[in-house]
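Just below is one structure, and these are the notes that go with it.
Each value in this text was obtained by applying a stated rule to the coordinates, not by laboratory testing. All of these numbers come straight from a predicted model, not from anything done at the bench. All Cβ positions, even for glycine, are placed from backbone atoms using ideal geometry, and neighbour counts span all protein chains on display.
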Amino acid sequence: MGFLTPWFLGGLVAVGLPVWLHLLRKHKTTPTPFSSLMFFEQRTQSSIKHRRLRYLILFALRTLLVILIVLAFAHPYVRQQILPLTRSGEITVLAIDNSLSMRSGDRLAQAKRAAKSLIGGLRGGERGQVIAFGSRVAVMSEITDDHTALNGGVDAIEPSDARTSYAELTRSLRSIAQATKLPLDVHLFSDMQQSGMPTNFNDLKLNAAVKLEAHPIDAKPAANFAVENVVAPRRVYDSKKSRVLVTVAGYNNQKSTRRVTLVLNQREIESKNVEVPEGGRATVEFLSLDAPFGMNKGLVRIDSGDALPNDDTFYFSVERVEPRHALFVHEAGNTRGLLYFQAALDAAGQSAFVIDPAAVEQVANVSPAKYAFVVLSDVGGLAPGFETQLRDYVRSGGAVLIALGRQAVTSSKVPVSDTRVDGSRYAGREGERFQTAAWLDAGYPSILKDSRWGDVKFYQAIRVQPAKARVAARLTDGTPLLMDEQLGEGHIVVFASTLDNIANDFPVHSSFVPFIDRTARYLGRLEDLPPSVPVGSFEELRDSKEKGTAVDVVDPKGERALSLEEATRAQNIQFTMAGFYDIRRPNGRSELVAVNADRHESDLTPVAPDTLTLWQNTAQGTAGVTEGAEGEQKPLSLWWYVMLAVLLLAVAESFLGNRHLAVDKEAA
C-alpha cells in the first residue's frame, strides 16, 4: 500500500479533537435551585470521575472519521497485478511477403520456414490462416486448426514480381477482422522494405481487434544494382533514327563499373561499360536499333553480381513497320502550307508518315482509302467524285484535316463537311491588329495541356458555324479556331486559318511543331504506346463491338493466361509477371507487351524500427500476452472506498451523537 500525496498524513494530529471533546474538556456543572442546604453534607468532589471517557462508541466513531478523512486526502492505493487478457476465438494470421525483393537470396525460403515453425507451435484448437501479399493480398488457406492445411498454404506461396504494399495488407486485415468479428493475432514475415510503406501513415491504421507482430527477414540495407529504366521507341520506322537510353541505379552500393548489354530477339547487339557512383545513377546510350520488320523482343541487362538478379534485366518491345502515307492536297502554286507541315513533322522526329503532296487538279482519280489521313490546305472546290470518296473514307474510319484560308471565302460551306461558312475576319499586320487564341481545350488530342498559344498572332480567320462539332480552340472575339466533327467512324478536323505564315504566324512559334505532330498522330490513329509497362498494369482486350470474340493471351512462361470462358468475355487483363505477353486479337492484330517489375523493389533498405513500432501501436490496447508471461502491476486507487467509509461513519456519528444528546437533556 502507498500514498500518492503522503504529506497530507500530517493531518492525523486532528485525532486529538475527539479526545479533547470527550476527556480533556473542562467539566461544568449546571446549578440547580434548592430551598436550603443545611441538610446536605459538605465534602470535596473529585474531578477524576469527570475525566473518564464518556460515550466510548461515539468517541471511536469520531476518531476513525478524522483518520479516514486524512487518509482520503493522502490518496491511498495498492498495487494490483493485471493478469494477461484472454482473447476469445483469436485467429492467428500468417502474412508472408512474396514481392520481388523477397527473391533476394533465400528470403522467401526463410519466411516460409519461420511461418511453419510458428504453425508447429499452435496448440490444439487454435485456428490460423495463411495469406501472401505483394501489391495485392492472396488467401492461401481457409481459417482452420489443421496444421497440414496451413503448412500446405505456406508451401503454395510462389515468388512474384509485384511491389510490396503494406497499406494493401492493412486493408485486408481490417476486412478479415470485420468479416470474422474475431480478434486477429497477425504475424508478418517480410524483409520490411521502406519502399513498401505508403505516403499516408493513416493507411497503416489497424483495427482494435488486430495485434501485429513483425518477423523481419534479413532486414538490412543490402547493396543492389538494377536497370532502372529504358527509353526506347515503341515503333521503329527508320533504324538510323532510333536510340535506346538506359539508366542504371545503385542502392547502398560502393562506386563500381558494370557491363550493360543491349539484346534484341535473343541476339546481343552491343555492350558498354558504365561507372555507377555510390548510391547513384548512370546512363548509357545505344545509338542504333536495327530491328527486323514485325514485333521484336528487346531487353537490356547488366552484370550486377548481387543477390537480386531479377532487376538486372529490363524488357521492352519494339515494332518495325513501314511508314504510312498521308495525302496533302493544296492549290497549284501554293505550297507554303506543305512546306511548314512537312518541316514540323521532321522537327518532331516523326517518321511514321510519308507526305504525298498533290494539287487539287491531280486528285480527281485518287482513292483516299489507301492513306492514313488527308490534309486539305486552303483549297477551293474539289472534284465531286473525289469529295464523295472523301465522305465515304471518313464514314469508314478515315480522318481529314481542313485548313481554311482565302479560298474558303468564296464557298458557302467547308469541303467534305456540311459546316456553313459565315465569312472571314481579317486584321491587318500594321498597328499590331491581330487576334490570339483566348481559350484552348486542354483535353483535346492536338493540344493536350499545351497552352503556349497565347503569343500566336492570327490575322485572318474564317468564321464557321460549328453545329455539332467539338470546339477545341477559340479566338479572342469568340471565333471557333479548331473544330472536330465526327462523321460515321471518322473525324473531320477544321482549322479556321492556314498552315502557312501569311494568315498567321503560327508556324514560326514553338507550339506549332507539337500541334502538327499530335494532330497527325490523332488523324492517323497512331497510339502513343509505351515500350513497356509495370507489373500490375491492365490492358484492354476488346471494345464493345468485339463481344463474344476470343482473345488469345500467352504469358511470359509460354502458357495461356486466360481460360476459354475468359478469352471470350474478359474485357481486360492484368499483367502479373515480368516478361513478354503476346496478345492476339480477333481482328488479326497481334501485340507484344513488355512487362517489368516495379523498380521501387530494388531498394532493399528496411523500414526504421520506430516506424514499425508506430505501426504496431495503431491498435492500442489490443496486444495479446503469451501464456506464462507475467502480468503488469498497476496502482489501484482506494480513494473511493475511503470516501464511502467516511460517508457511512458520518451518518453513524450523527445518529449516535443526537441520541446521546437527547439522553443528556432528559437527565437534565
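Numbers at a glance
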{"quantity": "Point-charge dipole on Cβ atoms (K/R +1, D/E -1) for the stretch 224-314, about Cα centre, debye to 20", "calculated": "360"}
{"quantity": "Extension gain (nm, one decimal) between residue 293 and residue 396, 0.36 nm per residue minus Cα-Cα", "calculated": "34.3 nm"}
{"quantity": "In Hz, Karplus ³J(HN,Hα) per residue of the stretch 454-462 (6.51, -1.76, 1.60; θ = phi - 60°; x = Gly, Pro)", "calculated": "x, 9, 7, 9, 10, 8, 9, 9, 8"}
{"quantity": "Dimensionless Rg over Rh [the stretch 322-367; C-alpha; Kirkwood]", "calculated": "1.00"}
{"quantity": "C-alpha center-to-center spacing [the stretch 235-298, the stretch 103-166] in angstrom", "calculated": "38"}
{"quantity": "√(5λ) per eigenvalue of the Cα gyration tensor, the stretch 345-477, largest first, Å", "calculated": "27, 20, 15"}
{"quantity": "For residue 481, distant residues with modelled amide H under 5 Å away", "calculated": "473, 474, 475"}
{"quantity": "Using θ = phi - 60° and Karplus 6.51 cos²θ - 1.76 cosθ + 1.60, couplings along the stretch 441-447 (whole Hz; Gly, Pro as x)", "calculated": "8, 5, x, 6, x, 6, 10"}
{"quantity": "Spherically averaged projected area in nm², based on the convex hull that wraps the Cα atoms of the stretch 224-314", "calculated": "5.5"}
{"quantity": "For residue 282, net neighbour charge (Lys/Arg +1, Asp/Glu -1) across residues whose Cβ lies under 9 Å away", "calculated": "+1"}
{"quantity": "Nonlocal amide H pairs with residue 260, under 5 Å, H built at 1.01 Å", "calculated": "272, 273, 274"}
{"quantity": "Value of Rg/Rh across the stretch 166-245 [Cα atoms, Kirkwood radius]", "calculated": "1.27"}
{"quantity": "Burial ordering of 112, 220, fewest other beta-carbon atoms within 10 Å first", "calculated": "220, 112"}
{"quantity": "Calculated FRET efficiency for the pair residue 557/residue 243, C-beta based, R₀ 30 Å, to 0.05", "calculated": "0.45"}
{"quantity": "Which of 580, 59 has the fewest Cβ neighbours within 10 Å, and the rest in rising order", "calculated": "59, 580"}
{"quantity": "Axial C-alpha extent at least 24 Å, average Kyte-Doolittle at least 1.6 - helices from the chain (DSSP)", "calculated": "56-74"}
{"quantity": "The stretch 533-595 - Debye-derived log10 I(q)/I(0), Cα point model, q = 0.12, 0.13, 0.17, 0.26 Å⁻¹", "calculated": "-0.25, -0.30, -0.51, -1.17"}
{"quantity": "Peptides ranked, highest mean first, by Cβ atoms within 10 Å: ranges 584-591, 493-500, 314-321", "calculated": "493-500, 314-321, 584-591"}
{"quantity": "Estimated distance in nm for a label pair at residue 639 and residue 136, the labels positioned 7 Å out from Cα along Cα-to-Cβ", "calculated": "5.6"}
{"quantity": "Distant-in-sequence amide H partners of residue 353 (H built 1.01 Å from N, under 5 Å)", "calculated": "324"}
{"quantity": "Alpha-carbon centroid distance for the pair the stretch 308-323 / the stretch 486-543, whole angstrom", "calculated": "26"}
{"quantity": "Packing-based exposure ordering (other Cβ within 10 Å, fewest first) of 330, 509", "calculated": "509, 330"}
{"quantity": "Neighbour net charge for residue 242 - beta-carbon separation under 14 angstrom, K R +1, D E -1", "calculated": "+1"}
{"quantity": "Among the listed pairs 112/181; 468/547; 413/468; 240/370, those beyond 23 Å (Cα-Cα)", "calculated": "112/181; 468/547; 240/370"}
{"quantity": "Rh (Kirkwood; distinct C-alpha pairs) - the stretch 126-220, Å", "calculated": "14.1"}
{"quantity": "Residue 256 paired with residue 547, simple spin-label distance in nm, labels 7 Å along Cα-to-beta-carbon", "calculated": "5.7"}
{"quantity": "Three principal axis lengths of the chain [C-alpha, angstrom, descending]", "calculated": "167, 67, 53"}
{"quantity": "Inverse mean reciprocal Cα-Cα distance (Kirkwood Rh) of the stretch 500-556, Å", "calculated": "15.7"}
{"quantity": "Residue 332 versus residue 231: modelled label distance in nm, points set 7 Å from Cα along the beta carbon direction", "calculated": "4.8"}
{"quantity": "3J(HN,Hα) from dihedral phi, the stretch 478-492, Karplus parametrisation 6.51/-1.76/1.60, rounded to Hz, x for glycine, proline", "calculated": "x, 5, x, 9, 9, 10, 10, 10, 8, 10, x, 8, x, 9, 10"}
{"quantity": "Base-10 log of normalised Debye intensity for the stretch 388-539 (one unit scatterer per alpha-carbon) at q = 0.09, 0.16 Å⁻¹", "calculated": "-0.31, -0.89"}
